[in-house]
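Chemist: Starting off with a structure, shown below.
Computed from the coordinates by the stated procedures, all read-outs in this text should not be read as laboratory data. A quick note: this is a predicted structure, and the numbers were derived from the prediction, not measured. Ideal geometry is used to build each Cβ from the backbone, glycine not excepted, and the neighbour counts take in all protein chains shown.
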Amino acid sequence: MTRIAIVGAGPAGCGAADALREADAEVTVFEKSRGVSGRAATRRREGCRYDHGANYVKEDDRTEVLLRELGEHGLGTVDGPVWTFDEGGAVSPGDRDETKFTWIEGITQLGKRLLARSDAEVLRETRVESIIHDRGWLLGDGGGERHGPFDRLLLTPPAPQTAGLLADMGWQDGHLVALREAVGSVPYRTIRTVVCHYPFEIDPPWYALVNVDREHAIGWLSREECKPGHVPDGETLLVVQMAPDWSSAHLDEPLDEVAPEVAERAASLVGDERLADPDWVDDQQWRYALPDGAVDAEIIRRGEPDGLFFAGDWVVGEGRVHRALWNGVAVGERIADSL
């Protein structure tokens, strides 16, 4: 039987595994973290659930069909529109009124449900650190164990991490240099998310605010209580995603040092001074959060005759969950056609 390795269990990797569920193949997914879904991640704390990376799954016709196929239980929508603000913090009604899908259990349900209906084996907390091509693809993990050989290999980590794997790859092929350069050239935005909780309600007419000129220290601010089942009644939970320049400058600073500034900025933006004093905070550093461009599509397909494939939001050039998902599905279908 054909053996297929997928590195990364984000939306692209999970989409590919789902596309391969009826293929005559043995699929193994390698994920460095304990959870799946990549930036479509959810945490729990003190009775709250919160999505601290991707915020929701955007509606389009085929995405809605897929989400409902994965199960109606716990599937819901976000209540409220996304408004905009500028460099000076002036808030204006926005035009993002599309349906925004989520789950009571959190956005990580996307990857969990896709993998649950596939036959893929998922190896969590298994970081792939080396790749060798020798009568198939051999993968070495951080614990010194070797996996394979695999007949097909799909790489889905963010482009800088994928480029790092290519840099050390034992694959004697004339396309490797071009592949490495193309993947490594994709620019990325760094985002630090700070989550702020309050034991009281606020009631603005929006679910979220997004900075449209990329000149404010805050890039995105949203209210997790607008999602069904995420925050107890009478409480407020803000997800504040700082802008790339601010995030890069403060990425490694302790949370207790950056949280007061973030909360003060959030209070000023929302216009409620009480928000400057959250009763608890949390954070996540997304060094490779969103791609600011796409890889050369022709170059990354040069490895396919040898069974090497790529997928992810950086392949399509848009940091949206549904775009990464459907790119993974498309590549998974292409792998299936190659068997």
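Chemist: With each pseudo-label sitting 7 Å past Cα toward Cβ, what's the ALA116-GLU87 distance in nm, one decimal?
Modeler: 4.8 nm
Chemist: Picking from LEU155, ILE191, ALA167, whose Cα lies most toward the positive end of the charge dipole for region 145-244 (charges on Cβ: Lys, Arg +1; Asp, Glu -1)?
Modeler: Looking along the dipole axis, the top candidate is ALA167.
Chemist: Calculated FRET efficiency, ALA249 and GLU273, Cβ-Cβ r, R0 25 Å, to nearest 0.05? Don't jump to the answer; show the numbers that get you there.
Modeler: Values: r = 25 Å, r/R0 = 1.02.
It comes out at approximately 0.45.
Chemist: Further question on the same structure: Mean projection of the alpha-carbon convex hull of region 251-294 over all orientations, in nm²? Walk me through the intermediate numbers first.
Modeler: On the way: hull surface 16.5 nm².
Mean shadow area of the hull around the Cα atoms is 4.1 nm².
Chemist: Let me ask another. Relative contact order, percent, of the chain when contacts are C-alpha pairs under 8 Å separated by at least 6 residues? Don't skip to the end; give the middle numbers.
Modeler: Details: 781 pairs, mean separation 81.8, N = 339.
Normalised by residue count, the contact order of the chain is 24 percent.
Chemist: Which GluC sites (Glu not before Pro) does region 207-262 hold that lie in a coil by DSSP with at most 11 other beta carbons within 10 Å? Don't skip to the end; give the middle numbers.
Modeler: Numbers: sites: GLU215, GLU224, GLU225, GLU235, GLU257, GLU261; in loops: GLU215, GLU235.
Loop-located and lightly packed - GLU215.
Chemist: While we're looking at this one, here's another question. Let's see if you can work this out: charge +1 on each Lys and Arg Cβ, -1 on each Asp and Glu Cβ, no other charges. What is the dipole magnitude of the chain about its Cα centre, in debye to the nearest 20? All intermediate terms of the calculation are to be shown ahead of the outcome.
Modeler: Working: 36 positive and 61 negative charges, 207 e Å.
In total the dipole reaches around 1000 debye.
Chemist: Follow-up question, since we're still on this one. Mind jotting down the three principal axis lengths of region 186-282 based on Cα atoms? Whole angstrom, largest first.
Modeler: 41, 27, 24 Å, listed from the longest principal axis down.
Chemist: Treat region 226-300 as a sphere of radius equal to its Kirkwood radius over Cα pairs and apply Stokes-Einstein at 4 °C in a medium of 1.567 mPa s; give the translational diffusion coefficient in µm²/s, rounded to a whole number. If you can, show how the numbers build up before the last one.
Modeler: On the way: Rh = 14.9 Å.
Reported coefficient: 87 µm²/s.
Chemist: Find, among the GluC sites (Glu not before Pro) in region 62-116, those assigned to loop by DSSP (not H, G, I, E, B) with at most 10 other beta-carbon atoms within 10 angstrom.
Modeler: Values: sites: GLU64, GLU69, GLU72, GLU87, GLU98, GLU105; in loops: GLU72, GLU87, GLU98, GLU105.
Qualifying residues, ordered by number: GLU72.
Chemist: Let me ask something additional. Counting pairs of Cα atoms in the chain, how many percent are more than 25 Å apart?
Modeler: 52 percent
Chemist: Now for a separate question. Counting other Cβ atoms within 10 Å of each Cβ, which GluC sites (Glu not before Pro) in region 108-150 have at most 15 and sit in a DSSP loop?
Modeler: Details: sites: GLU121, GLU125, GLU129, GLU145; in loops: GLU125, GLU145.
Those satisfying the criteria are GLU125, GLU145.
Chemist: Could you line up ASP252, ASP272, ASP282 from fewest to most neighbouring Cβ atoms inside 10 Å? Can you show the working numbers first?
Modeler: Numbers: ASP252 10, ASP272 15, ASP282 20.
Arranged by neighbour count, lowest to highest, ASP252, ASP272, ASP282 become ASP252, ASP272, ASP282.
Chemist: Report the Stokes-Einstein translational diffusion coefficient (µm² s⁻¹, integer) for region 261-339, Rh taken as the Kirkwood radius over Cα pairs, at 10 °C with viscosity 1.306 mPa s. Don't skip to the end; give the middle numbers.
Modeler: Numbers: Rh = 15.8 Å.
The estimated diffusion coefficient comes to 100 µm²/s.
Chemist: May I pose another question? Can you sort LYS112, LYS58, LYS227 by how many other beta carbons sit within 10 Å, fewest first? Please list the in-between numbers first.
Modeler: Values: LYS112 20, LYS58 16, LYS227 27.
Listed from fewest to most nearby Cβ atoms, that is LYS58, LYS112, LYS227.
Chemist: Using +1 at the C-beta of Lys and Arg and -1 at the C-beta of Asp and Glu, which of GLN241, VAL258, TRP314 has the Cα lying farthest in the positive direction of the dipole of region 181-339?
Modeler: The residue sitting most towards the positive pole is TRP314.
Chemist: Would you mind ranking TYR288, TYR56, TYR207 by Cβ crowding within 10 Å, fewest neighbours first? Please report the intermediate quantities before stating the final value.
Modeler: Numbers: TYR288 18, TYR56 24, TYR207 21.
By the 10 Å Cβ count, ascending, the order reads TYR288, TYR207, TYR56.
Chemist: What FRET efficiency comes out for ARG301 versus GLU215 if R0 is 45 angstrom and r is the Cβ-Cβ distance? Round to the nearest 0.05. Before the final figure, lay out each step's value.
Modeler: Working: r = 38 Å, r/R0 = 0.83.
So, using R0 = 45 Å, E works out to roughly 0.75.
Chemist: For region 87-161, evaluate the Debye formula with one uniform point scatterer on each Cα (no solvent term) and list log10 I(q)/I(0) at q = 0.14 Å⁻¹, rounded to two decimals.
Modeler: Taking Cα atoms of region 87-161 as identical point scatterers yields -0.72.
Chemist: Please work out, to two decimal places, the log10 of the ratio I(q)/I(0) at q = 0.13, 0.15 Å⁻¹ from a Debye calculation in which every Cα of region 41-141 carries one identical scatterer.
Modeler: At q = 0.13, 0.15 Å⁻¹ the computed log10 ratios are -0.70, -0.83.
Chemist: Taking every DSSP beta bridge with both residues inside the chain, roughly what % is antiparallel (nearest 5)? Don't jump to the answer; show the numbers that get you there.
Modeler: Values: 43 of 64 bridges.
Around 65 percent of the beta bridges assigned by DSSP in the chain are antiparallel ones.
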